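A short write-up of the structure that comes next.
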């Protein structure tokens, strides 16, 4: 959390920064034992502007667990 706040204070992320997150098409993997649960995987690349030039800030992967309740899918864990 401290690192995130430092990055926000430096203008690398957060409101007013030129940071962008590019997220891939998510892959949905149904739970073979529970039709109301699934794992969702997506990749993310982050870019921004530093000193007026485009910069690559990093990449990562989101792995989310989702569950269907009353016909609506909800994220239960990221």
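Observations on the model:
- Taking (1) over 25 Å from residue 75 (Cβ atoms); (2) free of Cβ contacts under 8 Å to residues at least 24 places away in the same chain; (3) surrounded by 14 or more Cβ atoms within 10 Å (Cβ to Cβ) in turn, residue 49 satisfies each apart from (2).
- Contacts under 7 angstrom Cβ, first residue in segment 53-71 being in contact (Cβ under 8 Å) with a residue 40 or more places away in the chain and at negative phi, partner surrounded by 14 or more Cβ atoms within 10 Å (Cβ to Cβ) and assigned to a strand (DSSP E or B), 6 or more apart: 57/46; 57/47; 57/48
- Of the residues making up segment 1-28, those that are over 18 Å from residue 64 (Cβ atoms), touching a residue at least 12 places away in the same chain (Cβ under 8 Å) and not in a strand (DSSP E or B) are 12, 13, 17, 18, 19.
- Some residue of segment 64-74 being over 14 Å from the mean Cα position of the chain (by Cα) and not in a strand (DSSP E or B): yes
- Any hit, segment 29-41, residues being over 19 Å from the mean Cα position of the chain (by Cα), more than 30 Å from residue 71 (Cα to Cα) and part of a loop (DSSP other than H, G, I, E, B): no
All of the numbers you see were taken from the coordinates with simple rules; none came from a lab. Because the structure is a prediction, the values reported are computed rather than measured. Methodologically, a virtual Cβ is constructed for each residue, glycine included, from the backbone with ideal geometry; neighbour enumeration extends over all protein chains shown.
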